[in-house]
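Q: What follows is a single structure, and I will ask about it in a moment.
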Amino acid sequence: MAKVIRSTVDGKYLMFKGKPLVRQEQIINYGSMKDEYILQLMILKDREVEIGGVKSRIPSRVFAQVMKKDPTAQGGRKMVKQFDKTGLHDAFVIGYNYMQTLQKKA
């Protein structure tokens, strides 16, 4: 279950399994900067839905990248895997599971 906690940086962040989920506009990052791998989800397309009389926008196409810390790479990150999916859930689950597999190998 995700929960909101107070971070050492000003603000509250949604946490999943002890790591922050941070969204800035159409990009969601999962993982701590202390971690060897992070997951970045880019929302390419969304659609409007109405639930209980409330209109909301949900992601319908998401591009995902699993990146590894690499001080020699531009920006300090090296892309390990990339893919796109129809829906945020599928992209997150596949990216999260891939990160877990990589961390177990290390």
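The values are calculated or read from the model by the stated rules, or taken from the named source; none is laboratory data. Only a predicted model underlies this, so the values are computations on that prediction, with no experimental measurement involved. Glycine gets a Cβ as well: all are built from the backbone with ideal geometry, and neighbour counts include every protein chain shown. Calculation scope for accessible area: heavy atoms of the full protein, side chains included, ligands and nucleic acids excluded. Shrake-Rupley method; radii C 1.70, N 1.55, O 1.52, S 1.80 Å.
Q: Could you list which residues have their amide H under 5 Å from that of Val80, counting only those 5 or more apart in sequence or on another chain, with H placed in the peptide plane?
A: Val66, Met67, Lys68
Q: Another one. Among Thr86, Thr101, what's the order by accessible area (1.4 angstrom probe), most exposed first? Before the final figure, lay out each step's value.
A: Working: Thr86 110, Thr101 70 Å².
From most accessible down to least: Thr86, Thr101.
Q: Just the number, please: carbon plus sulfur as a percent of the accessible area of the chain, 1.4 Å probe, no ligands or DNA/RNA counted. All intermediate terms of the calculation are to be shown ahead of the outcome.
A: Working: 3900 of 7430 Å².
The computed percentage sits at 53.
Q: Along the charge dipole of the chain, Cβ charges K/R +1 and D/E -1, which of Ile27, Met15, Phe83 sits furthest on the positive end?
A: Working it through, the farthest residue towards the positive pole turns out to be Met15.
Q: Send over a whole-number figure in Å² for the accessible area per residue of the chain, probe 1.4 Å.
A: Numbers: 7430 Å² over 106 residues.
Value returned for the chain: 70 Å² of accessible area per residue.
Q: Same structure, new question: Give the cross-link partners of Lys12 among the lysines, using a straight C-alpha distance below 23 Å as the criterion and excluding same-chain residues fewer than 8 apart.
A: Lys3, Lys34
Q: Further, regarding this structure: Relative contact order of the chain: what whole-number percent is it, with Cα pairs under 8 angstrom and at least 6 residues apart? Let's see the in-between values first.
A: On the way: 188 pairs, mean separation 18.0, N = 106.
It comes to 17 percent, rounded to a whole number.
Q: So if R0 is 22 Å, what FRET efficiency would Gln26 and Lys55 give, r being the distance between their Cβ atoms, rounded to the nearest 0.05?
A: Details: r = 18 Å, r/R0 = 0.84.
FRET efficiency, Gln26 to Lys55: 0.75.
Q: Taking H as built 1.01 Å from N, whose amide H comes closer than 5 Å to the amide H of Phe16, not counting residues under 5 places away?
A: It is Leu21, by chain and number.
Q: Residue-wise, which Karplus ³J(HN,Hα) couplings in Hz belong to the stretch 72-78, taking 6.51 cos²θ - 1.76 cosθ + 1.60, θ = phi - 60°, and x for glycine or proline?
A: Result, ordered by residue: 7, 7, 4, x, x, 10, 10 Hz.
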